[in-house]
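Comments concern the structure below.
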Amino acid sequence: MSIDTMKHLSAYDLEASPMTQADVPRLHELSVSVSWPHRAEDWAMLLNHGHGIVARDEIGRVVGSAMWFALTPAHAHVGMVITSPRLQSHGTGYWLMQHVFDQVGDASLVLNATRAATRLYISLGFTPVAPVYQHNGIVTRLPDGPDYARSATPADHAALHALDRNAIGADRRMLINDLLASATATVVENNDGTVRGFALCRRFGRGHVVGPLVAENENDAIALVRPHIEAHQGRFLRLDTREDDGVLRRFLVQSGLAHYDTVTRMRWGALPVEGGPARTMGLVSQALS
C-alpha cells in the first residue's frame, strides 16, 4: 500500500517522516501536551528498540507520532500514537496508522488503546482483547504479603530471558538487557534454585515503574513486587497489569498505588503465542507490552 507522505488539514499541511533520535526533544514536548508522563529519556529508550513516524507542520514542529516494535517476524506492537490536541479531530491518527500498516506489511499488530483512541482502532479493524489496569501513586505503606523474593544477579539473566520469551511469545533479549543495565531486579525460585519469576523496576515518567513482572501466580507476583514497594516508600511508583481484581491489585492499592486508569489491549490479526507457566503480570510499558 502506498500512503501519501503529505496530508492537508484545513489550515495545516502535514508531512510524515521517519522518527530519529534528533526528534526526541520535540517528541517529549508532544507527549507533555497530551499529559503523558514520558521523559525524553523514555522516548530515547523506545526509539532504541523500535521505529516511528513523525508528523510535522509547515514550520517543522512535531505534531504527531506513531511507533511500532517488532516482536517476531509476524507480530509487532504499536505504541506512542499521539496527535497534537488541536489536530485530534482531523484524522491525523488514522493517517499515521496507515503509515504504520504500510511499514509492517502483513504482520499482526497488538496495542494498548486509551479510551479516547478506542474508536479509531476499531475503525481500523482492531478487536478488543482485554483491559489493562494502570496502578500508580505515592507508596504510603508496605502491606503484609509473601516475602520470599531475592535480588537477581547476573547469573540469573539467562533465566530471565527465557521466562520473558515464554510469557510474551517473543525474544526480547536486547530490550531486557537494556532494562537490566539500569533496573533493580528481583526473582523467585523453586526449591532446586530454578528461577520461576522475576520483576524489574526502573526510572520512568514521574518516578519508577515495575515491569516486566513475570510470575506463575499472584502470590509470586506480590513477593516479586514487595521489595520494590519497600524501596520506594514515599515516592511515586507505577505498575500496569492485565490481571483482573485479585490479591495482587488489592496489594497495590493497599500500598498506595491506586487504580488510576484502564486501557484496552487490542489486536489486528493473531496474537503471539504465549507460553507458560509464568505469564506477564506487569507490562514494561503500555507502548511495549
Just to be sure I understand the filter: pairs with C-beta atoms under 7 Å, separated by 6 or more residues or on different chains, first member in the range 137-166 and over 25 Å from Gly276 (Cβ atoms), second member open to solvent by 80 Å² or more (accessible area, probe 1.4 Å) and not in a helix (DSSP H, G or I). Which pairs pass? Ile138/Arg235; Val139/Gln233; Val139/Arg235; Leu142/Gln233
Residues within the range 80-106 that are touching a helix residue (DSSP H, G or I) at 6+ places or on another chain (Cβ under 9 Å) and of a type in the set (A, V, I, L, M), tallied: 5
Collect the residues in the range 223-250 that are open to solvent by 10 Å² or more (accessible area, probe 1.4 Å) and hydrophobic (A, V, I, L, M, F, W, C), keeping them in residue-number order. Ala231, Phe236, Val247
Inter-residue pairs, beta-carbon under 7 Å, first under 16 Å from Leu200 (Cα atoms) and in the range 268-289, second of a type in the set (S, T, N, Q) and open to solvent by less than 10 Å² (accessible area, probe 1.4 Å), 6+ apart: Met281/Thr241; Gly282/Thr241; Leu283/Ser289
Applying the selection to the range 157-182, what residues are in a helix (DSSP H, G or I) and open to solvent by less than 10 Å² (accessible area, probe 1.4 Å)? Leu160, Asp164, Ala167, Ile168, Ile176, Leu179
Where residues in the range 38-57 are farther than 30 Å from Pro73 by Cβ and free of Cβ contacts under 8 Å to residues at least 60 places away in the same chain, which of them is farthest from the chain's Cα centre (by Cα)? Asp57
Which pairs have Cβ atoms under 6 Å, sit 6 or more apart or on different chains, and link a residue in the range 11-37 that is hydroxyl-bearing (Ser, Thr, Tyr) to one that is modelled with pLDDT under 95? Tyr12/Asp57
Answer yes if at least one residue in the range 94-112 is crowded, with 22+ Cβ neighbours inside 10 Å, under 30 Å from Gln254 (Cβ atoms), at pLDDT 95 or above and under 16 Å from the mean Cα position of the chain (by Cα), and no otherwise. yes
Is it fair to say Leu47 is crowded, with 21+ Cβ neighbours inside 10 Å and not polar (S, T, N, Q)? no
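The values are calculated or read from the model by the stated rules, or taken from the named source; none is laboratory data. Everything numeric in this text was worked out from a predicted model, so none of it was measured. Using ideal geometry, Cβ is built from the backbone for each residue, glycine included, and neighbour counts are taken over all protein chains shown. Each accessible area value is taken on the protein alone, full model and side chains, heavy atoms only, with ligands, DNA and RNA left out. Shrake-Rupley method; radii C 1.70, N 1.55, O 1.52, S 1.80 Å.
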